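Chemist: My structure is below; once you've seen it, I'll send some questions.
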Amino acid sequence: MKPYFVALACLTLLGCASFVRPPPTPTGDLECAGAAGVRPTVVLEAGAFGGAADWSLVAESLAKRGYRACAYDRDGLGLSAMHDVDRSPTAVADRLHDLLERNGLTAPVILAGHSNGGLYVEAFARKWPERTAGLVLVDAVGTEVRDHPLALADLEHEARLAAFTPTARALGLTRLVPLMDDISPAAEAAARRRSTWTGRTSIQAGLAEVRAFLPGLAAVDALPPLRPAIPVAVIVASRSPAAPLDRDWRAAEVAPASRACRAVVIDAYASHTSILDAQRDYVVDAVAWLDGAQPWAGVKRC
């Protein structure tokens, strides 16, 4: 299972360990680590029920490599106030575009999307290709999942399970576990992650996003297709790559790379969330590859 597996496993008390680092420097509604320079800014989009805290370790590692990395909390999640807004993937992309504009990020950026965040950055890149320097799809869900029956059924199953999240909160179950596995950063980000999973409005906002996600696949697919000129780095995290479900998920995840002029696919022996912690160097290396490092890696078709 990809997008919701970690959270739902925790809600059924399978046990998880938390993560996090001190927060990056806030810039308006963005939280950025590292100084702006000649390299493109990296914008980090979290998955379901996630936010800036999910990316704290990745952002720190990117900053050490000389990148400015910025994350944010979507409406109603984490530190973001709750509003009555459209939570469809295309609307999320619109709000991200406006957020970058407000913060003066008008140059092309590298967009990294984890899990459900992959669809949000795909929508952004389809709508504003001239603002997209590259895509890093981190164990991500995109429109291609519609063509892969096992992965799509898994996504639909997880969406049904996610509907029980408010009940789990009402019963106090969300306070019993940290709700992220294979992640162990510092206290502030861990506290923010826990707050997202125990806060009433955060759970409402996250569930509203989940409910809008599956219908949103068709809306994103109706946008102009991804331009082949946008380079794509795909990271597939799996600990059972031979399993039929994992194979189907991999096929869905790598599809964007098959159409890009310049692309690389990285298979990581990692969990869906450890890719943001212990295996986060895969993400950092993917960003560096998009920025010109190791030009011999991947494929170049046009």
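Chemist: I'd like the Karplus ³J(HN,Hα) series for segment 34-39: coefficients 6.51, -1.76, 1.60, θ = phi - 60°, whole numbers in Hz, and an x wherever there's a Gly or Pro.
Modeler: Using θ = phi - 60°, the values come out as x, 9, 5, x, 6, 7 Hz.
Chemist: Can you list the residues, at least 5 places off or on another chain, whose amide H is less than 5 Å from the amide H of THR132, using H built in the peptide plane?
Modeler: Residues meeting the criterion, in which the H sits 1.01 Å from N, are VAL109.
Chemist: Then there is this: Cα gyration tensor of segment 37-125, axes a ≥ b ≥ c as square roots of the eigenvalues: rounded (a/c below 1.5), prolate (a/b > b/c) or oblate?
Modeler: In terms of gyration-tensor shape, prolate.
Chemist: Just to confirm my numbers, what's the Cα centroid distance between segment 212-226 and segment 98-130 in Å?
Modeler: 15 Å
Chemist: Calculate the length of the line joining the C-alpha centroid of segment 247-302 to that of segment 29-82, in whole Å.
Modeler: Each part reduced to its Cα centre gives a spacing of 19 Å.
Chemist: Continuing with this model, one more query. Give me the percent of accessible area attributable to carbon and sulfur for segment 71-158, probe 1.4 angstrom.
Modeler: Numbers: 1480 of 2840 Å².
Solvent-exposed carbon and sulfur of segment 71-158 make up 52 percent of the total.
Chemist: Here's something else I'd like to know. Mind checking the per residue accessible area of segment 201-302 for me, 1.4 Å probe, whole number of Å²? Don't jump to the answer; show the numbers that get you there.
Modeler: Values: 4530 Å² over 102 residues.
Accessible area per residue, segment 201-302: 44 Å².
Chemist: Please list the non-local residues whose amide H lies under 5 Å from the amide H of ARG262, H modeled 1.01 Å from N, same-chain partners needing a gap of 5 or more.
Modeler: Counting only residues 5 or more places away or on other chains, the set is VAL232, ARG301.
Chemist: Can you check what the net charge comes to around PRO108, using other residues whose Cβ is under 15 Å from the Cβ of PRO108 (Lys, Arg +1; Asp, Glu -1)?
Modeler: Here the charged neighbours net out to +4.
Chemist: Let me ask something else. Would you mind putting 146-158, 268-280, 95-107 in packing order, based on average other-beta-carbon counts within 10 Å, highest first? Intermediate results must be reported in sequence, preceding the final value.
Modeler: On the way: 146-158: 16.7, 268-280: 21.2, 95-107: 14.8.
Descending mean neighbour count gives 268-280, 146-158, 95-107.
Chemist: In whole Hz, what ³J(HN,Hα) sequence does segment 70-75 give by Karplus (6.51, -1.76, 1.60; θ = phi - 60°), x for Gly and Pro?
Modeler: So the Karplus estimates, Gly and Pro as x, are 10, 10, 7, 9, 5, 3 Hz.
The values are calculated or read from the model by the stated rules, or taken from the named source; none is laboratory data. Since this is a predicted model, take the numbers as computed values, not measurements. Positions of Cβ are backbone-derived with ideal geometry, glycine not excepted, and every protein chain shown enters the neighbour counts. Just the protein is used for accessible areas: all its heavy atoms, side chains included, with ligands, DNA and RNA removed. Shrake-Rupley method; radii C 1.70, N 1.55, O 1.52, S 1.80 Å.
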